[in-house]
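The values are calculated or read from the model by the stated rules, or taken from the named source; none is laboratory data. Everything numeric here is computed off the predicted structure, so don't read it as measured data. Every residue, glycine as well, gets a Cβ built from its backbone with ideal geometry; the counts of neighbours run over all protein chains shown. In case anyone asks, the SASA skips ligands and DNA or RNA and just uses the protein heavy atoms, side chains included. Shrake-Rupley method; radii C 1.70, N 1.55, O 1.52, S 1.80 Å.
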Amino acid sequence: MSFPTAARLPLLLALLALLPAAQLGAATRAGLDVVHEVRNRIAAGDCGAAVERLRSGLKWGYPEVVLLAGSMYEHGICVKASWDTALTFYVRAHEGGAPEAAERIAAGFADPARGPDAAAALWWNLRGRAGAGAEACAVSPQAATDPDRFVEELRTWHASKLAICNYVVGVISTISAEMRYPGHAEVLGLGGEVSLRFLPGVPRIDLKMGGSGAYVPYGVVKGDSLPSRPLAPLTGSFEHSMHALVNYALRRYPQPAGIPADAQAEVQFLFKRE
């Protein structure tokens, strides 16, 4: 069994902490219990027990457990990292009703470590909840549902546009795939509404919680550096997790040249209590 290095473990556990379930009715109480048990065993450093519990939960086909398996294989948490294996689990989770699975697939294909495969990233992005979030990266309604038309339409794009859209999709999909509720309802205290604004020309991610007030910068990356401290006050586990997640997303994808300074993409998340 493998386990992440000490340097990577806090972030990976933070990402797993944002994984209580698939949403929109796909979650089951039994499946959530399995996810909770696996996470606890990972946090305790007991990979053998975590993998054993994961395998037993997978036998029941709970979509939230299948999603967790994909994340563990993608990041190499207690198992040997394998994108192909992770992709198989993500597709199963998507078919089982976990909408964020499509976003994980989009984020994975957009990752330069895997190519990137911009066409696959943009296609799966359209299968997720957020979409690209940027009008400049939209395709025609016909292409959005027809793989052949989709590919043909992308072939008419300039290479620079494809690279920019792959970047936007990668960053937004990485973040949106981890946006969960109701786990942080009490922490947010803001009605479960979160608006995300991505300024890819900076690059910077701003968040606005509660449907009112101003956007607050949650992460800025220039070159290879990260802020030495958060740019917004941390008031709870949600904020801590979001700072880690946003900075991870911005570091994961290199910023392509030629992005207009005023370019932006916006996504709004409206969560329900379960």
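Could you compute how much accessible surface residue 151 exposes when probed at 1.4 Å, giving the result in Å² to the nearest 10?
60 Å²
Give the accessible area for residue 252 in Å² (nearest 10); use a 1.4 Å probe, count only protein heavy atoms, and leave out ligands, DNA and RNA.
30 Å²
Taking all protein chains together and a probe of 1.4 Å, list 92, 29 from the most accessible to the least accessible. Numbers along the way, then the final one.
Details: 92 100, 29 155 Å².
Ranked from most to least accessible, the order is 29, 92.
Lys and Arg at +1, Asp and Glu at -1: add these up for the other residues within a Cβ distance under 13 Å of residue 154 and post the number.
-2
As a test of reading the structure, rank 158, 243, 36, 94 by solvent-accessible area (1.4 Å probe, protein chains only), most first.
Heavy-atom accessible area, descending, gives 158, 36, 94, 243.
Starting from the Cα of residue 153, step 7 Å along the direction of its Cβ; do the same at residue 91; then give the gap between the two resulting points in nm.
Roughly 2.3 nm, to one decimal.
Would you mind getting me the FRET efficiency between residue 261 and residue 144? Use the beta-carbon distance for r and R0 = 22 Å, nearest 0.05.
0.15
Compute the distance from the alpha-carbon center of region 74-133 to that of region 46-62, in whole Å.
A separation of 21 Å, based on Cα centres.
Could you please put 176, 160 in sequence from largest to smallest accessible area, using a 1.4 Å probe?
160, 176
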